[in-house]
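Encoded as structure tokens, the structure appears first; notes follow it.
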Amino acid sequence: MDSLASYFSMGGYAGYVWSAYAITAVVMVALALLTWRGLKGREQELKELQDIIPGRRGRSHDGVAEKG
Amino acid sequence: MHRFANPARFLRLASVIQPWTAAVTLLLIGAGLYFGLLVSPADYQQGETVRIMYVHVPAAWVAMAAYSCMAGASAVGLIWKHPLADLIAKSASPIGASFTFLCLVTGSLWGKPMWGTWWAWDARLTSMLILFFLYLGHMALLNAFDDPGRGMKAAAILALAGFVNVPVIKFSVDWWNTLHQPASVTRLGMPKIDPSMLLPLLLMGVGFTMFFVTVLLLRVRLEVLAAKIRAIRLTQIHGMPGADPSGEALG
């Protein structure tokens, strides 16, 4: 337990080291998630638009045909 | 028609390679964290704070690589009017801005215990802050016009003009010998860094780059779809039954 505590204390610099890693993780995860949600949102929106326009069926379009 | 075919081919290619770039990203960053946080030793001068390097330096690399990518795509977009290039430039800037932000914040968290200050108007730090503002300006210009084409053009000119800043960042530590330490890895000859520290640094560096590639591909796909949606809505507003509502022209 002692060695674990000393590991997490980072030689007294825990605040600096873990903050740097935490903010990096938060920003990268947020960026990936927001981008992913944005893409799914657009896919949905495009699908709805194409569904209300007659004559759109059967003309499969890039990036829209594949579902995620 | 080649202009319209390219985005379609790009989308297909992107969705094929994306799972692989995502998997490689996770693997490399996982290995980088393992070696960086558990295996590599503390620095004899900087102690444990040296571990901040494994996120700080890769963030700086990606911040600059993303800018180069954005400037290159902007040039292609301006010269050849390739719609996909414009969308790549547009997609790269929020990612680049995020990594520049991370580089500045982690650098600050490293500077406080080691230099005794959160911030200094050192040449490297200042040029990195300018990079951050260039990204913000690029994103602002993109949305500053009613006509997205004009915004794209203005943003591309800013991206190209601002590219001078990239070599300034790179060589700032040699030209102005102020606070920030010189390069340890990307120098002529052998890297001036112990292999036990170089390994996690390179793993994280390539991992962050693959993360950039993965998110960039996702964002470009998003922008292609957004352009299509815009085109369909335009034809709806103008009520042109004969017009092709697929948005291929903007595809």
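Looking across B:14, B:66, one residue alone is within 12 Å of another protein chain (Cβ to nearest Cβ), out of contact with any strand residue (DSSP E or B) (no Cβ under 8 Å at 6 or more places or on another chain), assigned to a helix (DSSP H, G or I) and modelled with pLDDT under 95. It is B:14. Kindly check whether there is at least one residue in region B:103-124 that is in a helix (DSSP H, G or I) and closer than 23 Å to residue B:228 by Cβ. Within region B:103-124, not a single residue is in a helix (DSSP H, G or I) and closer than 23 Å to residue B:228 by Cβ. Any idea how many residues of region B:38-83 are open to solvent by 10 Å² or more (accessible area, probe 1.4 Å), more than 17 Å from the chain's Cα centre (by Cα) and not small (Gly, Ala, Ser)? The total comes to 17. Filtering B:149, B:96, B:111 for residues that are small (Gly, Ala, Ser) and over 23 Å from residue B:77 (Cα atoms) leaves a single hit, B:111. All conditions in (1) closer than 30 Å to residue B:112 by Cα; (2) of a type outside the set (A, V, I, L, M); (3) assigned to a helix (DSSP H, G or I) hold for residue B:45, with the sole exception of (3). Residue A:16 - would you say it is at pLDDT 95 or above, part of a helix (DSSP H, G or I) and either closer than 22 Å to residue B:98 by Cα or not aromatic (Phe, Trp, Tyr) (or both)? In short, no.
Filtering B:109, B:28 for residues that are open to solvent by 20 Å² or more (accessible area, probe 1.4 Å), more than 25 Å from residue B:222 (Cα to Cα), in contact (Cβ under 8 Å) with a residue 12 or more places away in the chain and within 10 Å of another protein chain (Cβ to nearest Cβ) leaves a single hit, B:109.
The residues of region A:17-58 that are under 21 Å from residue B:50 (Cβ atoms) and open to solvent by 60 Å² or more (accessible area, probe 1.4 Å) amount to a single one, A:18.
Working only within region B:161-181, note down all residues that are open to solvent by less than 70 Å² (accessible area, probe 1.4 Å) and within 20 Å of residue B:80 (Cβ to Cβ). Hit for region B:161-181 is B:161, nothing else. Summed over region A:9-38, residues that are more than 8 Å from chain B (Cβ to nearest Cβ) and closer than 17 Å to residue B:57 by Cβ total 1. Each residue in region B:31-63 was checked for being β-branched (Val, Ile, Thr) and more than 12 Å from chain A (Cβ to nearest Cβ), and 1 pass.
The values are calculated or read from the model by the stated rules, or taken from the named source; none is laboratory data. Predicted model, so just to flag it, every value in this text is computed and none were measured. Ideal geometry is used to build each Cβ from the backbone, glycine not excepted, and the neighbour counts take in all protein chains shown. Only protein heavy atoms, including side chains, enter the accessible area calculation; ligands, DNA and RNA are left aside. Shrake-Rupley method; radii C 1.70, N 1.55, O 1.52, S 1.80 Å.
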